[in-house]
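Read-outs: derived from the displayed coordinates by stated rules, not from any lab. In this text, all values refer to a predicted model and were calculated from it rather than measured experimentally. Every residue, glycine among them, receives a Cβ derived from its backbone with ideal geometry; neighbour counts consider all protein chains shown.
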Ligand SMILES: Nc1ncnc2c1ncn2[C@@H]1O[C@H](COP(=O)(O)OP(=O)(O)OP(=O)(O)O)[C@@H](O)[C@H]1O
Ligand SMILES: [Mg+2]
């Protein structure tokens, strides 16, 4: 064991150096580029401040965990970063560029992908079709060109299918390729959601509660997939997650939210002992 307890009993963990947080910190200290930065984000629903003056940074090459009790504002913050919500105040930057006004599909094209807390997969479509849906930001067609099956549409379709096949390989989804997504177990559906995001060839992937509703075995599979992609593709991950064991094990850094605010930030070992965090979780 190297400097941290290990949750998953996976003998052949391909990338077990990730567990050595000390080494990882040293490695990341040499690559401090900030990929995503939010500045003073405010989101209100009625009188409720769902996100209240939140400024965070996501650094290239990290697995950042965002944790916090229900209703803390985690999903709302993700929605602001991915462009689904417009903040009342505040800015979002991607590699220094102000993207606060960009629509979601433009952010996808820049390299920001996400998965969803409540599945946005098309349950009646098969795996490969669902992955291809994520590639629509690159499609040039309109309803007429689609109906006429123009050469441009055919070209996009070929390109998208090839990309989809690539992530099917990456995430070991071969056997499910033509399965209807609604018929698949939750663990596989989460992998399809991740595959859809990865097909977009992102630099950073935001995952909203990827472990929710999964069995321990399914969690192990998904964690393994995330770590493998992280290590082999150099993709940065941000996990919004309630499973504290998972986040403390795989994240390099945690941001803790409560009542819309960031109440703590730092290495997992420090954060989980922070009295403010303990209080937020115990509700006392
Ligand atoms: N579309 C919406 N309309 C109205 N209120 C909303 C909306 N989305 C979020 N809220 C409210 O904003 C607050 C933050 O919600 P949010 O979903 O961002 O929290 P969360 O940290 O993701 O919670 P959970 O862990 O349960 O997913 C909550 O009080 C929630 O009820
Ligand atoms: Mg949420």
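At 4 °C and a viscosity of 1.567 mPa s, what translational diffusion coefficient does Stokes-Einstein give for region 34-75, taking Rh as the Kirkwood radius over Cα pairs? Give it in µm²/s as a whole number.
112 µm²/s
Can you tell me how region 104-214 classifies by the Cα gyration tensor, rounded, prolate or oblate, using a/c under 1.5 as the rounded cut?
Here region 104-214 falls in the prolate category.
I need to check one value: relative contact order of the chain, counting alpha carbon pairs closer than 8 Å and at least 6 residues apart, in percent.
Worked out over the chain, it gives 26 percent.
Any chance you could get the radius of gyration and Dmax over the Cα atoms of region 193-266, in Å?
Radius of gyration, then largest Cα-Cα span, for region 193-266: 12.7, 36 Å.
Helix 151-170 against the longest principal axis of the chain: what's the angle in degrees, Cα atoms only, rounded to the nearest 10?
Result, in degrees: 40.
Using a/c under 1.5 as the rounded threshold, could you call region 105-144 rounded, prolate or oblate? The axes a ≥ b ≥ c are square roots of the C-alpha gyration tensor eigenvalues, and prolate needs a/b larger than b/c, oblate otherwise.
Oblate, since a/c reaches 1.5 and b/c is not below a/b.
Would you work out the relative contact order for region 37-122, in percent, from Cα pairs under 8 angstrom that are 6 or more residues apart?
29 percent
How large is the direction-averaged shadow of the alpha-carbon convex hull of the chain, in nm²?
16.0 nm²
Order the peptides 130-136, 251-257 from the highest to the lowest mean number of other Cβ atoms within 10 Å of their residues.
Descending packing order for the listed peptides: 251-257, 130-136.
Remind me, relative contact order of region 223-268 in percent, using alpha carbon pairs under 8 angstrom and six or more residues apart?
Value for region 223-268: 25 percent.
What does the helix-only formula give at 222 nm for the chain: each DSSP H stretch with n ≥ 4 adding -39500 (n - 2.57), the total divided by the residues, and the result rounded to the nearest 500 deg cm²/dmol?
The per-residue figure over the chain is -11000 deg cm²/dmol.
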